[in-house]
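Below: the structure, in structure tokens.
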Amino acid sequence: MAKKANKDNKGNYFQESYQELKKVSWPTQKRAIRLTILVLGFVLVTAIFIGILDYVFGFGYRQLIDLAPEQNLPTATQHIDTGSVEGEPIEISIGEDGEVIGVPEGLEGELETVTTEGGEPAEAPAPAETE
């Protein structure tokens, strides 16, 4: 008996929903088109405004970066010994105290050769011995 009452509730729900939709004051086609164009216009104007703001702030940021004093930290290139495959160079830096900075995790002590930007050898740890 509960199933029948549940089925009647579903039928009543759809009938009542249909009756309510009949009462809705729907816009005419002309008004709907006009409102759609208005919304699309606002979206376009907003997108252009945000694009202009992005450009202006990006330009200002680049100008601020250009005004900042350059940091003259020496950089070096390392080649990783990968066995029979040539390793890709990785950019690292050498701090003022001579400490190597920016070596990827797990590669500490794995530096095969390190050269400065001028091509001169830089101080680097000896290659780790593999077993």
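The numbers here are math on the coordinates, done by the rules we state, and not lab data. As the structure is a prediction and not an experimental result, all values here were calculated from the model. Using ideal geometry, Cβ is built from the backbone for each residue, glycine included, and neighbour counts are taken over all protein chains shown.
Tabulated data
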quantity: Inter-label distance for Q15 and Y61, nm, one decimal - labels placed 7 Å from Cα along Cα-to-Cβ; calculated: 6.2
quantity: Spin-label zone in the stretch 28-44 - amide nitrogen under 14 Å from a point set 7 Å from the Cα of I52 along the C-beta vector; calculated: 44
